[in-house]
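Colleague: Could you have a look at this structure, given as structure tokens, before my questions?
Any read-out appearing in this document is the output of simple, stated calculations on the displayed coordinates, not a laboratory observation. Keep in mind it's a predicted model, so treat the numbers as computed, not measured. Cβ: placed from backbone, ideal geometry, glycine included. Neighbour counts: every protein chain shown.
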Amino acid sequence: MSRMSDTISSRFREERVRLGLSQAEVAGICGVRREIVGRWERGINAPGGEALAAFGMHGADLHYILTGRDKDAPQPVMLRPDELELVLLWRDLTEEQRKGIRAQVRALAALRKGRKKT
């Protein structure tokens with residue numbers, strides 16, 4: 001299921017629906033009236049930390065609600081300029097060239113490990 005909601009309120013509702021809960025059930029979990037949950041889902045108010053924690057304890061994906069990203073989705077990796085240069089060069093190599101470089105890097109890593117043991 002693709003989750004594309006762009007506001008906390010819409011993602012909160014999406015999580016409630018995904019969990020098969022009614023607004024009244026979420027209200028009971030969060031310790032508020034059903035009307036309050038409706039206000040959260042319409043973006044009139046936002047749930048507080050205690051309410052979100054309670055909702056999370058019942059299976060809601062709080063990371064998704066707050067950020068819009070699935071916690072299991074790949075996260076961006078920050079590369080230093082020298083690392084980025086290597087990646088870009090790597091992409092221009094043939095598979096045979098890559099195979100040779102992997103073997104060389106493994107050999108260098110093994111040598112380095114051998115030196116650390118002494």
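Colleague: Can you check how the C-alpha radius of gyration of region 8-67 compares to 2.2 N^0.38 Å, as a plain ratio? Please list the in-between numbers first.
Modeller: Details: Rg = 9.7 Å, N = 60, 2.2 N^0.38 = 10.4 Å.
Dividing the Cα Rg of region 8-67 by 2.2 N^0.38 Å gives 0.93.
Colleague: If you take every residue apart from A53 with its C-beta less than 15 Å away from the C-beta of A53, what net charge results, scoring Lys and Arg +1 and Asp and Glu -1? Please report the intermediate quantities before stating the final value.
Modeller: On the way: positive: none; negative: E15, E50, D61.
Counting the neighbours of A53, the net charge comes to -3.
Colleague: With a Cα-only, solvent-free Debye model of the chain, what are the log10 I(q)/I(0) values at q = 0.11, 0.13, 0.20 Å⁻¹?
Modeller: Those come out to -0.58, -0.64, -1.06, one per q.
Colleague: Moving on. Can you give me the Rg/Rh ratio for region 50-118, using Cα atoms for both radii and the Kirkwood formula for Rh?
Modeller: On the way: Rg = 21.2 Å, Rh = 16.5 Å.
Rounded to two decimals, Rg over Rh is 1.28.
Colleague: How would you rank 96-104, 19-27, highest first, on the average number of other Cβ atoms within 10 Å across their residues? Spell out each step's value before the answer.
Modeller: Values: 96-104: 10.9, 19-27: 15.9.
Top of the packing list down: 19-27, 96-104.
Colleague: Now for a different question. Between D70 and K113, what is 0.36 nm times their sequence separation minus the Cα-Cα distance? Round to one decimal in nm. If you can, show how the numbers build up before the last one.
Modeller: Values: separation 43, 0.36 × 43 = 15.48 nm, distance 3.72 nm.
Extra length from D70 to K113 when fully extended: 11.8 nm.
Colleague: Suppose each label sits 7 Å from its Cα in the direction of the beta carbon; what would the R42-L93 distance come out to in nanometres?
Modeller: 6.0 nm
Colleague: Per DSSP H run of at least 4 residues, take -39500 (n - 2.57); add these up for the chain, divide by its residues and hand me the 222 nm value, nearest 500 deg cm²/dmol. Don't skip to the answer; put the middle values down first.
Modeller: Details: 7 runs with 77 residues, N = 118.
So the helix-based figure for the chain works out to -20000 deg cm²/dmol.
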